[in-house]
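Take a look at the structure below.
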Amino acid sequence: MDTEAFANSKIVHLIFRVAGAAMESRFRYRFFGPMTILQGTDIQPGQTVLEVGCGTGFYTISAARLIGNQGCLVAMDVLPIAVERVSKKVQEANLNNVRVVKGNAMRTGLDAESMDAVLLFGVIPAPMLPLKRLLPEMHRILKSEGTLAVWPPIPGFLPKSVLQSGLFAHTSKRNGVYNFRRLQGRN
């Protein structure tokens, strides 16, 4: 599947607008707020974090505040409409520690071992993000003690797949978030 063509299709833009309304609903903020989920991760103030598939920015602002001004959040999405929306949110929130980029998570263009943590929240399983290509890239960009935080929309499915990659070891599960540590010597 051509990810770029898919990202720019009219149907994806329509789906994003409709789904975006649901993703940003008051109900979701009240009962499944971003900070509750983020507190299930191992991210810390001052870290450099990649948020894959930032979408509407539901987690972006809270993650940026959690890592603080000494940290850096790279919010990445393949959809231009998502990048526009999140860029606007970041600007309105007056955050200087966020870089919003249009990019493909399977070929991030980020330096090797440049991230302290990666957030994969609700973005997989998705047909345009095959784990056999995604997980090696996440492993490549994570620092030696880096962590991968996964919040799966299908409970139980993803953690097994992440472990089977041989690239990560499971460390904890909190608030529905599975945390993994990057294993050394695997490429």
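For His170, His139, the ranking by accessible surface with the largest value first comes to His170, His139, using a 1.4 Å probe.
If you wrap segment 66-115's Cα atoms in a convex hull and average its projection over all directions, what's the area in nm²? Mean projected area for segment 66-115: 3.8 nm², to one decimal.
If both residues of a DSSP beta bridge must be in segment 41-187, then about 35% of such bridges are antiparallel. Under 22 Å Cα to Cα from Lys89, which lysines show up? Leave out anything in the same chain fewer than 8 places away. Cross-link targets: Lys102. Alpha-carbon geometry of segment 45-187: the Rg and the Dmax are 14.1, 42 Å, given in that order. Applying a threshold of 25 Å to the alpha-carbon distances of Lys132/Lys160; Lys132/Lys173; Lys88/Lys132 flags Lys88/Lys132 as lying beyond it. Suppose R0 equals 30 Å. What FRET efficiency, 1/(1 + (r/R0)^6) with r the Cβ-Cβ distance, do Lys132 and Ser172 give to the nearest 0.05? It comes out at approximately 0.75. For segment 75-80, 3J(HN,Hα) computed residue by residue from phi via the Karplus equation (6.51, -1.76, 1.60; θ = phi - 60°) reads 9, 10, 8, 7, 8, x Hz, glycine and proline entered as x.
For Tyr178, the accessible surface of its heavy atoms amounts to roughly 30 Å² (probe 1.4 Å, protein chains only, rounded to the nearest 10). Could you compute the net charge surrounding Val100? Neighbours are other residues with a C-beta less than 15 Å from the C-beta of Val100; K and R count +1, D and E count -1. With Lys, Arg at +1 and Asp, Glu at -1, the neighbours total +1.
The values are calculated or read from the model by the stated rules, or taken from the named source; none is laboratory data. None of these values were measured; they are calculated from a predicted model. Here the Cβ is made from the backbone with ideal geometry for all residues, glycine too, and neighbour counts use every protein chain on show. Accessible surface areas use protein heavy atoms only, side chains included; no ligands, DNA or RNA. Shrake-Rupley method; radii C 1.70, N 1.55, O 1.52, S 1.80 Å.
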